[in-house]
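These notes are about the structure you will find just below.
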Amino acid sequence: MDNRFKDMVNRYGPFAGIFLLMIPLFLMRDFNPVNELRYLSIADEALELHKFFSFTNQGIPYADKPPLYFWYIMLCKTLLGKHSIFALELLSIFFSLTTIGILNRWVTRERAVPGTVWPAGLMLITSLFYTGTSIMLRMDIVMCMFIVAALYIFYRIYQGNPSKRNLYLFPLLIFMALFTKGPMGILIPLVSTLAFLVVKRNWRLIGVVWGWRTWGVLLALSLLWFGGVFLEGGPEYLHNLLFNQTVSRAIDSYHHKNPFYYYLVRYWYSVAPWSLLYVLVIGTAIRQGKIRTDLEQFFLTIITATLVTLSLISSKIEIYLLPIFPFLAYLTWMLIPPLNNRKAVNAGVGIPAVVFALVLPAGCFILQGSAYELYRTPWTYLALLSLSLFAVLAIFALYKKRQGKSISLLAWGFLLLIFFFSFNIKQLNSFLGYGEITKKALELAAGDKEVDYYYYKVTRAENMDVFLGKDPVPLTLEEITGNNLTSGILFLTTKHVGREEALGAFVEKQEKKYRIGKHWVIDLNR
């Protein structure tokens, strides 16, 4: 009984630990105005217009993203009566941890003792961009899970389990990835599986995996989706979805256009602090000829095929790399035991561990500056202490040749950093989002729904309608300083008030002005 309980803790305990350490952040942070607030605004418009396939943002058609993620936002709003950051965060962390669960099962089934693959899962959850997508409201983490699940089912088919269930589940999962984020959802599984089967010279299986059944399911589900788009948004919206958001972005993007080497540069911070470890271990294993099993070769094929394909596509942003992060982490972990180069692992883990060990003294020095006064809280020091302490323990574990333990300690230190620093978020929200300034504006409006809201050079301010219940109006400097505004509430940034003399003089004359974070809220009623 004791062994069974211990096995359960080893397998599932880290899931609970990661989730619990994330909860304070989920409960206290504000919506990010750059993307999150826009998604909420799009969902509100869809609910108001009773649309489910064709979306608008401030009345402008928005065909950039498929509907699945917006449906979840709309469902939460309908059930709860408001947008709940916690409810929406649950989706991100659920899919993030589900991806780890799939890979744990996959690798354990192949070659590992249950519970011993968790260092790979901890590397993944603490890779910078994977952490970010696990705690932010983005559809990328959802697509990533569907891609990993589809590739897992493909591998089961490759191993000799071409059951009807698997043969239909494979295209269904690919469609769900496509329906979540767009073409990447089908492109990554397609190039990865084809490249692997070509390397293995398994021509027969290409016809099985990518035969009539797969394309039939994808086509049937896509036609249902596109039919809904056509009925709601018309031919112009459908054309935008099918061509501007796919073909145009791939060949000559008008958006996020970057050179072919873009990902080779962005890689280093996207998977930090494990980027050096991945390169050293996988590079050494390739040089020593240690990548021998089908699973190792498949993971390496996914990484290389995806990276090459994404580099050839015109539109490039770091987050597109997200689906290869799971395979980088788990391939690295599988290759550490047979590697005849302990120095590679020690350097890959030891260098970031030494850097993290110095975080506490470096942080204490930096926080003395007046610009960081807001961050000088007991929670900040606890966060820095946790990271540095666990980094020191990781260094000792490396010294004792316990490399898995060292990786785990470093990762838990990073998660504790997030946990303790989360308790600062409430006082930082006024700098990070628009919840506090819109709350003040609604307080000044005192329930008057006829009040007009204005803004000047406030990023993505149009999406404040999520909080205000109506669209704020953009103003020019001349309209503000022309003394024609006699009522309403105005949002300004402290940056522009400080830089633009005329704007600064205008604010100086106002009687009812409130500085909240990096914004001014001004009651113009005279």
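For residue 136, what accessible surface area do you get with a 1.4 Å probe? Give it in Å², rounded to 10.
Counting only protein heavy atoms, the figure is 50 Å².
Could you tell me what percent of the accessible area of the stretch 116-183 is made up of carbon and sulfur, with a 1.4 Å probe and every protein chain present?
Numbers: 1180 of 1710 Å².
It is 69 percent, rounded to a whole number.
Under 12 Å from the Cβ of residue 465, count the other residues' Cβ atoms, weight Lys and Arg +1, Asp and Glu -1, and hand me the total.
On the way: positive: 38, 460, 470; negative: 44, 45, 48, 462, 471.
In short, -2.
Give me, ordered by chain and number, the residues 5 or more places off residue 455 or on other chains with an amide H under 5 Å from its own placed amide H.
For residue 455, whose amide H was placed from the backbone, the distant partners under 5 Å are 473, 475, 491.
Looking at the stretch 466-521, which GluC sites (Glu not before Pro) are in a loop (DSSP not H, G, I, E or B) and have at most 13 other Cβ atoms within 10 Å? Mind showing how you got there, number by number?
Details: sites: 478, 479, 500, 501, 508, 511; in loops: 500, 511.
Counting only loop positions with at most 13 other Cβ atoms within 10 Å, the GluC sites (Glu not before Pro) in the stretch 466-521 are 511.
For residue 519, which sequence-distant residues (separation of 5 or more, or a different chain) have an amide H within less than 5 Å of its own amide H, given hydrogens modelled in the peptide plane?
Those qualifying (amide H under 5 Å, at least 5 residues apart or on another chain) are 494.
Please turn the phi angles of the stretch 490-496 into ³J(HN,Hα) values with the Karplus equation 6.51 cos²θ - 1.76 cosθ + 1.60 (θ = phi - 60°), one per residue in order, whole Hz, x for glycine and proline.
Per-residue couplings from phi come out as 10, 9, 9, 9, 4, 4, 6 Hz.
For the stretch 81-90, what does the Karplus curve 6.51 cos²θ - 1.76 cosθ + 1.60, with θ = phi - 60°, yield as ³J(HN,Hα) per residue in whole Hz, taken in order and with x for Gly and Pro?
Once θ is set to phi - 60°, the couplings for the stretch 81-90 become x, 7, 7, 10, 4, 5, 4, 6, 5, 4 Hz.
Once you place label points 7 Å from the Cα toward the Cβ at residue 405 and residue 382, how far apart are they in nm?
My value for the distance between the label points is 2.7 nm.
Of all GluC sites (Glu not before Pro) in the stretch 381-464, which ones are in loop regions per DSSP and have a Cβ with at most 12 other Cβ atoms within 10 Å? Don't skip to the answer; put the middle values down first.
Details: sites: 436, 443, 450, 462; in loops: 450.
Those that pass, being in a loop and sparsely packed, are 450.
Taking only protein heavy atoms into account and a 1.4 Å probe, give the accessible area per residue of the stretch 358-399 in Å². Don't jump to the answer; show the numbers that get you there.
Working: 2580 Å² over 42 residues.
Ligands and nucleic acids excluded, the figure is 61 Å² per residue.
What residues have an amide H closer than 5 Å to that of residue 57, excluding those fewer than 5 places away on the same chain, when H is modeled at 1.01 Å from N in the peptide plane?
62
Tell me, what % of the accessible area of the stretch 1-88 is carbon and sulfur with a 1.4 angstrom probe?
Working: 2890 of 4430 Å².
For the stretch 1-88, the apolar C and S fraction of the accessible surface comes to 65 percent.
Give the label of the value calculated from the structure for mean projected area of the Cα convex hull in nm², choosing from (i) 28.3; (ii) 25.3; (iii) 35.2.
Matching the structure shown: (i).
Sort 124, 49, 238 by accessible area with a 1.4 Å probe, largest first.
Values: 124 0, 49 95, 238 30 Å².
In descending accessible area the options line up as 49, 238, 124.
Angle check, please: helix 378-399 long axis (alpha carbons) against the longest principal axis of the chain (alpha carbons), in degrees 0 to 90, nearest 10.
10
Give the aspartates and glutamates reachable from residue 290 as a straight Cα distance under 17 Å; neighbours fewer than 8 places away on the same chain don't count.
Residue 290 reaches 110.
Per-residue HN-Hα couplings for the stretch 283-288, Karplus 6.51 cos²θ - 1.76 cosθ + 1.60 at θ = phi - 60°, whole Hz, x for Gly and Pro?
Ordered by residue, 3J(HN,Hα) equals x, 5, 5, 5, 5, 8 Hz.
For every helix of n ≥ 4 consecutive DSSP H residues, a contribution of -39,500 (n - 2.57) applies; sum these over the chain, divide by its total residues, and give [θ] at 222 nm rounded to the nearest 500 deg cm²/dmol. Numbers along the way, then the final one.
Details: 26 runs with 350 residues, N = 526.
Result for the chain, helices only: -21500 deg cm²/dmol.
Given a Förster radius of 45 Å and the C-beta distance between residue 479 and residue 265 as r, what FRET efficiency does 1/(1 + (r/R0)^6) yield to the nearest 0.05? Intermediate results must be reported in sequence, preceding the final value.
Values: r = 42 Å, r/R0 = 0.94.
Rounded to the nearest 0.05, the efficiency is 0.60.
So with the 1.4 Å probe, I'd like the accessible area per residue for the stretch 407-526, rounded to whole Å². All intermediate terms of the calculation are to be shown ahead of the outcome.
On the way: 5950 Å² over 120 residues.
With all protein chains present, the stretch 407-526 gives 50 Å² per residue.
DSSP loop (so not H, G, I, E, B), at most 11 other Cβ within 10 Å: list which trypsin sites (Lys or Arg not before Pro) in the stretch 311-356 pass both filters.
Loop-located and lightly packed - none at all.
How much area per residue is accessible in the stretch 184-320 when the probe is 1.4 Å and only protein heavy atoms are counted (Å²)?
Details: 6660 Å² over 137 residues.
On a per-residue basis, 49 Å².
Where a ≥ b ≥ c are the square roots of the eigenvalues of the C-alpha gyration tensor, would you call the stretch 180-334 rounded, which needs a/c under 1.5, or, failing that, prolate if a/b is larger than b/c, or oblate?
On the way: a/c = 2.69, a/b = 1.46, b/c = 1.85.
Taking the square roots of the gyration eigenvalues as a ≥ b ≥ c, the stretch 180-334 is oblate.
To test your reading of the geometry: what angle, between 0 and 90 degrees and rounded to tens, separates the Cα axis of helix 140-158 from the longest principal axis of the chain?
It works out to around 20 degrees.
For the chain, take the longest principal axis of its alpha carbons; what is the angle in degrees between that and the long axis of helix 2-28, to the nearest 10 within 0 to 90?
20
Among rounded, prolate and oblate, which fits the stretch 295-451 when a ≥ b ≥ c are the square roots of the eigenvalues of its C-alpha gyration tensor, a/c under 1.5 means rounded, and a/b larger than b/c means prolate?
Verdict is oblate for the stretch 295-451.
The values are calculated or read from the model by the stated rules, or taken from the named source; none is laboratory data. Computed from a predicted model, the values in this text were never measured in an experiment. A quick note on method: Cβ atoms are made from the backbone with ideal geometry, for glycine too, and the neighbour counts reach across all protein chains shown. For accessibility, only protein heavy atoms count, side chains too; no ligands or nucleic acids. Shrake-Rupley method; radii C 1.70, N 1.55, O 1.52, S 1.80 Å.
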